[in-house]
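The values are calculated or read from the model by the stated rules, or taken from the named source; none is laboratory data. As the structure is a computational prediction, the values presented were derived from the model and not from experiment. Cβ: placed from backbone, ideal geometry, glycine included. Neighbour counts: every protein chain shown. Heavy atoms of the whole protein, side chains included, go into the accessibility calculation; ligands, DNA and RNA do not. Shrake-Rupley method; radii C 1.70, N 1.55, O 1.52, S 1.80 Å.
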Amino acid sequence: MSDETFDLCPPQALPAEQLLEIFRQLIADGSWQRYSGPHGTALQQLLLHRHQRQHCHLCCSGTAAMELALRAAGVEAGAEVILSAYDFKSNFINILMLGARPVLVDTVPDLPVLDPVAVEAAISPSTRAVIASHLHGLAAPLSALSEIAGRHRITIIEDACQNPGACLAGQPAGARGDLAILSFGGSKLLTAGRGGAVLTDNPQFAQRITLHTQRGNDAWPLSELQAAVLLPQLQQLDQQNRHRAAAVRQLQAALADSPAISLLLSPEFCSTPVNPDGIATAAFYKVALLLHAGRIARDELSAACIRKGIPLHPGFTALHTIHAKSRFRTSGSLTNATRLAEQLLVLHHSALLQPGAELRQMANHIRTLAELRHSATW
Ligand SMILES: *Cc1c(COP(=O)(O)O)cnc(C)c1O
């Protein structure tokens, strides 16, 4: 293998010149130092329109957005919230912070996707909500979950922090859950360094969010400056999602038939790459790669790739393995989630807008490193 290392430019959500022009305008009209103004309003309108929603609340982070969504759903002390044992840690902690109990269930085999059958089996009289996260370019099974939630009168909270602009069953991610959240955190596909949003059609949910955040002023705000840098990113999102999706297909081709590692994609994305009006069906904040059982450890492969300049990181740690057992309930076996937490790695989107040749080389490096270790005797 060559000694080449990759020198990926840190991802710039917008070119420097464009940012400077935005800042010049914010200074000229004074909006940078206002509590609220035209940029926040425009962002809210754009998100409402894109998701065909009735209410959009902008806030300071995706984590804050999840807390607001849980509060809106009426989650309080004694309630239970079902989520995948393979999920973003702050979703679990948010439930605890409200005095409620996380109920961890399994994923479907070999995919970071919540298993709807396991969700239904976990429902108790205390269940208030289910968190359905779209992770690593794969879609949560919202149709099945909505049907179950409807029968049991529980609320679906859709976590679309990782796939803004993705199109699922003909609708954008964030359009289908009773509540949905977005993140504008520093590493995300849409970034203002920090920020988030909650979307819903339910006026009572929207009112609870307003009651919690408005304390004479907005206690968890998104600033005019943040909104102003997000607006042009929304204009370019669909095009960039298409580029990233094409890159993922190249990676998949380069890793196909490897005995050591595979790239995880949802079946819908495999059969219909791009829908007829040109909107990518998947959005990749991170791409999931699954190691096959063998000698190889994901941390070791990640470290070897990072040394090469390839942003391949370990996936999530399984929630039932990092928290005291008294803090949560489990329902059913968690073997699939446990396996993902041992064998799943994620490639950050900064790798995906690289030129094709660079991308193929990166894929070859990952494949070679994985296969070397897969069969290694050391
Ligand atoms: C990033 C992320 C969030 C929210 O993160 P913030 O950094 O608080 O904006 C929530 N859920 C998932 C799945 C995420 O990836």
How big is the charge dipole of the range 16-232 about its Cα centre, in debye rounded to the nearest 20, if each Lys and Arg gets +1 on its Cβ and each Asp and Glu gets -1 on its Cβ? 420 debye
Percentage of interatomic Cα-Cα distances in the chain larger than 27 Å: 49 percent
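Mind listing which GluC sites (Glu not before Pro) in the range 69-166 are in a DSSP loop and have 14 or fewer other Cβ atoms within 10 Å?
76
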Long-range HN-HN contacts of residue 156 with modeled amide H, under 5 Å: 130, 178, 179
Relative contact order [Cα under 8 Å, 6+ residues apart], the chain, whole percent: 22 percent
Among 31, 57, 69, pick out the residue whose Cα is farthest towards the positive end of the charge dipole of the range 22-126, where Lys and Arg carry +1 and Asp and Glu carry -1 on C-beta, about the Cα centre. 31
Per-residue ellipticity at 222 nm attributable to helices in the chain (runs of n ≥ 4 DSSP H, -39500 (n - 2.57) apiece, nearest 500 deg cm²/dmol) works out to -12500 deg cm²/dmol
How high is the relative contact order of the range 238-376, given as a whole-number percent (alpha carbon pairs under 8 Å, six or more residues apart)? 36 percent
Measure of size requested: the Rg and Dmax of the range 238-376, with Cα atoms as the atom set and Å as the unit; please supply both. 16.3, 50
Using θ = phi - 60° and the Karplus form 6.51 cos²θ - 1.76 cosθ + 1.60, what ³J(HN,Hα) does each residue of the range 98-107 get, whole Hz, x for Gly and Pro? 8, x, 9, 10, x, 10, 8, 10, 7, 8
Quick check: the distance between the Cα centres of the range 101-175 and the range 7-42, to the nearest angstrom? 34 Å
Suppose R0 equals 41 Å; then what is the FRET efficiency for residue 19 and residue 124 from their Cβ-Cβ distance, rounded to the nearest 0.05? 0.25
For the range 238-376, with +1 on Lys and Arg beta carbons and -1 on Asp and Glu, the positive-most of 281, 323, 340 along the dipole: 323
Contact order relative to length for the range 1-129, counting C-alpha pairs under 8 Å separated by 6 or more residues, stands in percent at 19 percent
Quick one: give the max-minus-min coordinate of the C-alpha atoms of the range 95-238 along each principal axis, largest first, in Å. 45, 36, 25
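Compute the length gained on full extension between residue 151 and residue 306: take 0.36 nm times their separation in residues and subtract their Cα-Cα distance, giving the result in nm to one decimal.
Gain in length upon complete extension: 51.1 nm.
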Amide H of residue 79: which non-local residues (sequence gap of 5 or more, or other chain) have their own amide H closer than 5 Å, using H built in the peptide plane? 101
Longest span of the chain, sites excluded, free of trypsin sites (Lys or Arg not before Pro) in DSSP loop with at most 15 other C-beta atoms within 10 Å? 35-152
Of all GluC sites (Glu not before Pro) in the range 1-72, the ones in DSSP coil with at most 13 other Cβ atoms within 10 Å are 4
Straight-line reach only, C-alpha to C-alpha below 26 angstrom: list the lysines that residue 325 could link to, leaving out same-chain residues fewer than 8 apart. 89
Quote the charge dipole size of the chain about the Cα centre in Debye, to the nearest 20; the model charges only the Cβ of Lys and Arg (+1) and of Asp and Glu (-1). 580 debye
Given a 1.4 Å probe and the protein chains all in place, what does the accessible area of residue 106 round to, in Å² to the nearest 10? 10 Å²
Residues in the range 5-47 near a label at residue 217, defined as backbone nitrogen under 19 Å from the 7 Å Cα→Cβ point? 30-41
